[in-house]
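Down below is the structure, laid out as structure tokens.
The values are calculated or read from the model by the stated rules, or taken from the named source; none is laboratory data. Every value quoted in this text rests on a predicted model; they were computed, and no experiment measured them. For accessibility, only protein heavy atoms count, side chains too; no ligands or nucleic acids. Shrake-Rupley method; radii C 1.70, N 1.55, O 1.52, S 1.80 Å.
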Amino acid sequence: LEFRRVLFRSDIQNLANTVWAYATAGERAAGLVEAVASQSGRVAREGNIQQLANTVWAYATAGERAAGLFEAVASQSGRIAREGNIHDLANTVWAYAAIGQSTPLFDVLDDCFKCSADRLPDRREIHQLYQVYLWLKPMNNFAHLAFPEPWLAEVAKAADTSSSKLHLSVSSALTSLG
């Protein structure tokens, strides 16, 4: 397949679904990552919050550090924070933490943690948010973060077997950091 030609004409939903499917299957299609990354500006501008979250999640899961794509999506942080739900936020901030890149969305976590009494995230969201919390906590500008007490009880249960290998590796590495 000539991914660039096909993807140039695809809508953002198809782009997001395609990279998500390959990442979920643990497959790498030659040219796909580069072709979608070449559309990063369009993805960031035209994509809805779930599409942006799924795309960066897929890249991080596949271990792809497409700087242009991550920068383009980070430029939409305000929109993601305003319009996104906790699942999309968890996927997005996890992706940035997993590749070791900062995003303004990390600052949104404090507000997310403070609203913890309103809604208990599902197990995968807690797992992702806890990984990000462990990654950010040692940094000076995030020392104030406190993982919500109601969620801590779920942390031990959060590591389900459907998590990606990268999720589990990141979780293990971050836990070892303390």
Heavy atoms of H87 accessible to a 1.4 Å probe, total area in Å² rounded to 10: 70
Most to least accessible of Y130, Y96 (protein chains only, probe 1.4 Å): Y130, Y96
Solvent-accessible area per residue for region 69-123 (1.4 angstrom probe, square angstrom): 44
Relative contact order of region 41-142, pairs being alpha-carbon contacts under 8 Å that are 6 or more residues apart, as %: 29
Accessible surface, 1.4 Å probe, highest first, among residues W20, W57: W20, W57
